Amino acid sequence: MGWLFMPFTSMGGHASAKSYLDAQLTYENTIEDDTKRGLRVLASSCPGNRTYYAAVQEMADGVPGSVFAVVCLVRWNPRSRDGHQFGYKDMTENAGPCEADCPAMILDLLTPTDHQYARDWRARCRANLARRARKLSDGDRIRLPEPMTFTDGNVAQEFIVCRRGRSLVLRDPENGGFYRINRLMERAWSIVPVTRVHKTVFA
C-alpha cells in the first residue's frame, strides 16, 4: 500500500499518530456467511509520531487468533503548507520492513510464524534491542567493524570511551582527538579486551 496523507481535521479527533492508527487497526466486520472478522491492537508504540509498531490480533466471532506485527511509516508535519499534516504507509511484518526498532513488549506478544521475511524482521529487531542494551564504561576501548572517516579527515577504527556526565565521547588513542558517532549503540562495535601485565615480586 502507498502513502495516505490527510489534514489533522480528518483524523477523527485523534491527537496523535498512535491513537489514530490504533483505531484504524481495531475493527470488526460481518462478512457474507454472517461470521464476524476483525482485528484488535494489543500493544503499540509510536514515539515522536515517527514509526508506528503494533502487535495486532486476528479475531473471528470474538475468538482471539494469531498475533502479527504491523509497521507504519509516519510523516507528522503540523506546519505543512499543502494541508497534508499527517501521512502514513502501512505494512505487515511479512513485507520485511527496513524499520526494525520494534519494542520488546510488542515482539513478545507475536505468535510464531513460518513466513521467512517476518522471521528475519523479528531477528533484526531483537539484534537491535541487544545492541542498544549494551553498556559502556569510562575507559573501555571499542573497535568498529570498519575504519571511519571523520570531518577533520582523520580515519580511525578504535576508540577509548570517555564519559562526561551523561554524555559520551570517543577519544582516538592515536591522535588524542575527541569524536562523536551517531547512533553508536546500534552499531556493531566490539570491546577490545585489556591485556593486563602482572608484575612478579622477588624477595
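Every read-out reported here was derived from the displayed coordinates using simple, explicitly stated rules and does not represent laboratory data. Since the structure is predicted, the reported quantities are computational estimates derived from the model, not experimental observations. Neighbour counts are summed over all protein chains in view; Cβ atoms, including those assigned to glycine, are modelled from backbone coordinates with ideal geometry.
For the reader, a short list of remarks on this structure follows.
- Residue in the stretch 66-87 that is over 30 Å from Ser10 (Cβ atoms) and in contact (Cβ under 8 Å) with a residue 24 or more places away in the chain present: yes
- Pairs, first surrounded by fewer than 16 Cβ atoms within 10 Å (Cβ to Cβ) in the stretch 170-185, second among the hydroxyl-bearing types (Ser, Thr, Tyr), C-beta under 9 Å, six or more apart: Arg180/Ser167
- Residue match in the stretch 136-159 (condition: within 20 Å of the chain's Cα centre (by Cα) and of a type in the set (D, E, K, R)): no
- Subset of the stretch 76-110 that is under 18 Å from Leu25 (Cα atoms) and charged (D, E, K, R) - its residue that is surrounded by the fewest Cβ atoms within 10 Å (Cβ to Cβ): Lys89
- Only one entry in Gly13, Gly2 is in a loop (DSSP other than H, G, I, E, B), at positive phi and either without any contact (Cβ under 8 Å) to a residue 60 or more places away in the chain or exposed (fewer than 15 other Cβ atoms within 10 Å of the Cβ) (or both), namely Gly13.
- From Val70, Val63, residue being buried (at least 18 other Cβ atoms within 10 Å of the Cβ), more than 30 Å from Val192 (Cβ to Cβ) and not basic (Lys, Arg): Val70
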